[in-house]
1. Only one of 30, 18, 85 is touching a His at 6+ places or on another chain (Cβ under 9 Å) and open to solvent by 20 Å² or more (accessible area, probe 1.4 Å); which?
2. Kindly list, by first and then second residue, each pair from a residue in region 1-28 that is without any contact (Cβ under 8 Å) to a residue 24 or more places away in the chain to a residue that is surrounded by fewer than 13 Cβ atoms within 10 Å (Cβ to Cβ), limited to pairs with Cβ atoms under 7 Å and residues at least 6 apart or on different chains.
3. Kindly check whether there is at least one residue in region 60-68 that is hydroxyl-bearing (Ser, Thr, Tyr) and open to solvent by less than 60 Å² (accessible area, probe 1.4 Å).
4. Test of understanding: among 79, 108, 55, 125, which residue is surrounded by 19 or more Cβ atoms within 10 Å (Cβ to Cβ) and touching a Cys at 6+ places or on another chain (Cβ under 6 Å)?
5. Is it fair to say residue 49 is open to solvent by less than 10 Å² (accessible area, probe 1.4 Å), under 25 Å from residue 1 (Cα atoms) and out of contact with any strand residue (DSSP E or B) (no Cβ under 7 Å at 6 or more places or on another chain)?
Amino acid sequence: MEIKDPKGKYILKVDKDRRLVYETLKGYWRLEDMERFHNDYVSKIIPLFNGKEWAKCCYINAYEAAMITDDIKSHVKWAVSNGFRKAAMILEGNNQYNSVIDLQIRLAVKNTKLHLEKFESINEADKWLKSEGF
């Protein structure tokens, strides 16, 4: 299954067998973008996993750090309460801007049961997710 945001902020591809969501996030997000994103998880993705644990592989190189850290935190908290356990964050290259995005995401998942790892390639991320059972 593939879900494309009508405003072009994200693409969500679901591998139901692996219980894995591939996210591609783009641009600067506002609250309404986060609300659409969250609603797609609530109505379309979570029902596919039938209460089982699941993971994300997040490609965020085209994402721009935005003033929505609290909203991301709320989404993560909700997702963890619905089986979200592992996240592979893909940020290619080490630059100051990527460090800001990395910090925003790490703040959003702080104090949750989510295991987050950062990678520079989809291949590295996929290898780790497979080793974790996803």
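The values are calculated or read from the model by the stated rules, or taken from the named source; none is laboratory data. Note that the coordinates shown come from a computational prediction; the quantities given were computed from them, not determined experimentally. Cβ atoms come from the backbone with ideal geometry, glycine included; neighbour counts cover every protein chain shown. All accessible areas refer to the heavy atoms of the entire protein, side chains included, with ligands and DNA or RNA removed. Shrake-Rupley method; radii C 1.70, N 1.55, O 1.52, S 1.80 Å.
1. On the way: 30 fails: touching a His at 6+ places or on another chain (Cβ under 9 Å); 18 fails: touching a His at 6+ places or on another chain (Cβ under 9 Å).
Step by step, each of 30, 18, 85 is checked, and only 85 is touching a His at 6+ places or on another chain (Cβ under 9 Å) and open to solvent by 20 Å² or more (accessible area, probe 1.4 Å).
2. Cβ pairs passing all conditions: 11/2; 13/2.
3. Of region 60-68, the ones hydroxyl-bearing (Ser, Thr, Tyr) are 63.
From the residues that got through so far, the ones that are open to solvent by less than 60 Å² (accessible area, probe 1.4 Å) too are 63.
Within region 60-68, one or more residues are hydroxyl-bearing (Ser, Thr, Tyr) and open to solvent by less than 60 Å² (accessible area, probe 1.4 Å).
4. 125
5. Taking the combined requirement at face value, the residue satisfies it.
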